[in-house]
Every structure is written in C-alpha cells, then in structure tokens.
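Right, one structure below, let's go through it.
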Amino acid sequence: MRFVLFLIAAALAAQIQPVLSPEVHADRRVTFRLRAPNAQKVELALETFPRREMQRAEGGLWTVTTEALEPDIYGYTFVVDGTGFVDPSNGMTKPNALSVSSAVLVPGDPPQLWEQTAVPHGTVHQHFYESKIAGDRRDYFVYTPPSYDPKKRYPLLVLCHGFSDYANGWTAVGRAHFILDNLIARGEVKPLIVVMPLGYGVPIDTLRTGVQRPPELWKQNAQKFSEALLTEVLPAVERAYRLEQKPEKRAIAGLSMGGGEALLTGLNHLDRFGWIGAFSAGGWPPSLDEAFPRLTDKDNARIRLLWIACGREDRLVEPNRKFVDWLKSKGVRHTWVETPGAHTWPVWRQYLADFARLLKW
C-alpha cells in the first residue's frame, strides 16, 4: 500500500513539477520549454526570427534551443496548433493592447544599455488624469534622473510609444529608464526629464478594433494627441516638475505611430521643440504639404536636430525614404539613418540611445 501511495505521489509531483523556461545558457543560447501533452504541433515565435518547430519529449514536454543570440530583450510566444500563447513559466511579459507576449533577456558582457546595472537610478512616476480632449481617463509616466533636484530646471524629452502600446511601453518594454540611467552615469547624456504620454488622441478602444481604420480617424488621432500633449499633459508636468522652457532645451521623439506623432507635433510647433526624432515613423498623412504647411528652409535656424531612422527590413522604410526626399525638396536640414533591422524593439532601444547622445543642450 505504501508503495502504491508512493507511486501516486511521484506521478502527481511529476505533473506539477515546474518547467524551466526560458533557460539562458552561458553561451547565450536559449532553451524554451512548454508542457502541452495534447498538442500536435508547437512552434516558437521569437522576435526578429522566423518561427521554429519545437520537439516533443516524454510527458508532452516540448523544447527548442536557439543558436547563440545577440545580447538583447526578445519577445516571444508559443504557437500551439495554430494559436499563440504566452509562456506560462515566465513572468516577464511585453504588455500590449492587441497582443501580449513573453520576453527573455539575453545579457551582455559587459551589460547592454537597457540592462539594470550598478549605477545611480532615476525614478519613474505614474500620473493619472481625465482627458477632456480624448474623452477618457488615462495616464502618463515621467522619468526624473538620479539625484533629481526639485529646485533645478531640467531639459525635457517627450517620448512617444507605438500603436497598440500603452503609456508604459517605453519603460516596460523599451527600458528607457535604464538606458538613460546608464548614459547619464557614463556622462554621455546630461540629466533630463522624460515625459511618456499615452499616445492616442481618441479612446484606445476606437483604434484597436479589427475594423479598417479610415484615414480620417488616424488624422483625428494624431491631431488630438498633439492637442492633449500640449494643453493637458505638459502643463500638468510643468506644475509638478521644473522644466526648461526654451525650445532648444526640449525634444520630442517616438517610434512607429509615435514617430509620426513626434514629427507632426514637433515640426508644427518649433516654438516648443528644437530637437525631433522619429524611429521607424508610421501613420503617414496622405499629403505632406498639408501635414506640414508652414515648414520651409527658413526653419533650419530653429531646428537643432531632425533625426529620422528606420531599419532596412522594416515595412515602413519606403514611406520614411519618401519623407526624407520631401524634406530635401523643401531644403530642410535633417539626419537620415538606415540600419539593419525590422519593425522591432531591439531596433528602437538602440535608436533611443543614439538619439539621446545627440541632445547637446
């Protein structure tokens, strides 16, 4: 009888034994595991890579081990018989309004800029408010640098996230606070305040439906975002934190949809922003002349930096190239950067570091 009870206990222990996933090896290979005894086919969908099939082992444990990966943070999901799932053994996730995924950090030696290191750290503050312009209740985040002095004025960077991200996209996924902590510790970036608003000018549910989004809705989204930023978010931030007021001490940048918003807001309000960055910018208007009606070569005196970057494998590289050609036709000075990479966070984290280093205020 005792032997039978032992066998039952052993069987139950085997069923509930935790699965180690992901396992990052010393040589930067990563093993992913999923227990799915009833599955017929399981694949790993790893950010920046094609899907790869996982192999079934005894007890319905599926595994796959990658080649050595470059140090970075990678999003991933398991595709079980055609349906995507997060990794139930991994609490590190990429929050998203449309598709949550798991994430794995492959550390570097030395650590990469987006890794938490033994340097002084700033603080990320979350604020809540009701937007009368967008018609909803929302939040925004503010990064204050290490040793923040409330009696001192700081330059400002507005950092805009991409479509389907929440206001915490640049911290939860982009690790912007760690990037800036490390750059400030190195002396490569001066201490600054970063405002990360919710990047929608309309309620997010209006945009995240599966229905085709008309161009008029995108235009309204961008215009109202700019209005909410300038008349609701920044005035509230200025009441709570001490910011430099001159445009040469203020920057705005963003990725994808947020890159388009940074361009539309920044270039149409050069009295507010002297530094503008667009990372894989999207949400392009039908007419650039209508979107930027007052932009001419005379504005070169006010633009400290107009920095536009996109990956060559990004689906948005062509509209970004067309925008750069349009800037050339207007005689507007700019910096155009093409790099390897697609429409992914590993590209945008590096762009933020590159852009931040150029802020010479």
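The values are calculated or read from the model by the stated rules, or taken from the named source; none is laboratory data. Predicted model, so just to flag it, every value in this text is computed and none were measured. So basically every Cβ, Gly included, is an ideal-geometry build from the backbone, and we count neighbours across all protein chains shown. Areas reflect the complete protein model, heavy atoms only, side chains present, ligands, DNA and RNA absent. Shrake-Rupley method; radii C 1.70, N 1.55, O 1.52, S 1.80 Å.
Within this structure, P88 passes the test of being within 13 Å of R33 (Cβ to Cβ), touching a residue at least 40 places away in the same chain (Cβ under 8 Å) and open to solvent by 70 Å² or more (accessible area, probe 1.4 Å).
Count of the stretch 294-349 residues, restricted to those that are in contact (Cβ under 8 Å) with a residue 24 or more places away in the chain and over 26 Å from the mean Cα position of the chain (by Cα), is 12. Here S101 clears all of (1) in contact with a Phe, Trp or Tyr (Cβ under 7 Å, 6 or more places away or on another chain); (2) under 30 Å from V189 (Cα atoms); (3) open to solvent by less than 20 Å² (accessible area, probe 1.4 Å) except the condition numbered (2). Report every pair of residues separated by at least 6 positions or lying on different chains whose Cβ atoms are under 8 Å apart, first residue within the stretch 116-139 and open to solvent by 70 Å² or more (accessible area, probe 1.4 Å), second assigned to a strand (DSSP E or B) and of a type in the set (A, V, I, L, M, F, W, C). Partner pairs satisfying both residue conditions: Q126/F141; R137/F128. Please indicate, with yes or no, whether at least one residue in the stretch 182-203 is touching a Gly at 6+ places or on another chain (Cβ under 8 Å), of a type in the set (D, E, K, R) and either at pLDDT 95 or above or open to solvent by 60 Å² or more (accessible area, probe 1.4 Å) (or both). No - not one qualifying residue is present in the stretch 182-203. Whether any residue in the stretch 318-328 is of a type outside the set (K, R) and assigned to a loop (DSSP other than H, G, I, E, B) is what I want to check. Scanning the stretch 318-328, I find no residue that is of a type outside the set (K, R) and assigned to a loop (DSSP other than H, G, I, E, B), so the answer is no. Annotation: K151 fulfils all but one of (1) in contact (Cβ under 8 Å) with a residue 24 or more places away in the chain; (2) out of contact with any helix residue (DSSP H, G or I) (no Cβ under 8 Å at 6 or more places or on another chain); (3) more than 20 Å from K246 (Cβ to Cβ); (4) surrounded by fewer than 19 Cβ atoms within 10 Å (Cβ to Cβ); the unmet one is (3). Contact map, the stretch 31-59: first residue open to solvent by 80 Å² or more (accessible area, probe 1.4 Å), second residue in a loop (DSSP other than H, G, I, E, B) and of a type in the set (G, A, S), Cβ cut-off under 6 Å, separation 6 or more or different chains; pairs are R35/G60.
Restricting attention to the stretch 143-182, the residues that are in a strand (DSSP E or B) and over 16 Å from I204 (Cβ atoms) add up to 7.
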